[in-house]
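Below is one structure, written out as structure tokens; the observations come after it.
The values are calculated or read from the model by the stated rules, or taken from the named source; none is laboratory data. Computed from a predicted structure; not experimentally measured. Note that we place each Cβ from the backbone using ideal geometry, even for glycine, and neighbour counts take in every protein chain shown. With ligands, DNA and RNA removed, areas are computed over all heavy atoms of the protein, side chains included. Shrake-Rupley method; radii C 1.70, N 1.55, O 1.52, S 1.80 Å.
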Amino acid sequence: MLDTEKSQIDIRISACLIVKNESEQLGKALSDLSEVCDEIVVVDTGSTDNTVSIAKVHGARVFSYNWIDHFGKARNYSFDQAKNDWIFYIDADERLSKSLKAHLKSLPNRSGSAVFRFPVIDELAPN
């Protein structure tokens, strides 16, 4: 007999951010992320403001990265530091909508598909 019941998906999410001098934006982003992510990884590329201390206050795991003018390598470094299989990459000046927060909170209770798509809305983009 085949087991047709889908197994529960174990979804633990690491949020990854690459930052430099984001003290004005970072706290808001990390507050949102702490509601829905199991871990927050912040990779700092040379901040001279209090970005690193803000990240630590919000419970982020903070790593320094020597910027080599290659965004992809910095992003991949942040992914390498993540402890979870699921990674939510976001910029410090981006925010989560209420509906996206609700959706992310519901992921551990889902079964079946292990692929998810989220729309990104740029509210500052010209029409």
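When residue 95 is tested against (1) in a helix (DSSP H, G or I); (2) modelled with pLDDT under 95, just one condition goes unmet, and that condition is (1). For residue 11, state whether it is assigned to a loop (DSSP other than H, G, I, E, B), in contact with a helix residue (DSSP H, G or I) (Cβ under 8 Å, 6 or more places away or on another chain) and within 24 Å of residue 104 (Cα to Cα). Judged against the criteria, residue 11 is a match. The residue of region 30-50 that is surrounded by the fewest Cβ atoms within 10 Å (Cβ to Cβ), among those that are assigned to a helix (DSSP H, G or I) and in contact with a Lys or Arg (Cβ under 7 Å, 6 or more places away or on another chain), is 35.
For residue 25, the conditions (1) under 14 Å from the mean Cα position of the chain (by Cα); (2) part of a helix (DSSP H, G or I); (3) not β-branched (Val, Ile, Thr) are fulfilled apart from (1).
What tally of residues in region 56-74 results from selecting those that are in a strand (DSSP E or B) and either surrounded by 13 or more Cβ atoms within 10 Å (Cβ to Cβ) or modelled with pLDDT under 95 (or both)? Give the steps one after another, and end with the answer.
We begin by selecting, within region 56-74, every residue in a strand (DSSP E or B); these are 61-64.
Then drop every residue that is not either surrounded by 13 or more Cβ atoms within 10 Å (Cβ to Cβ) or modelled with pLDDT under 95 (or both), which leaves 61-63.
Number satisfying all stated conditions: 3.
All conditions in (1) assigned to a loop (DSSP other than H, G, I, E, B); (2) modelled with pLDDT under 95; (3) open to solvent by less than 80 Å² (accessible area, probe 1.4 Å) hold for residue 106, with the sole exception of (1).
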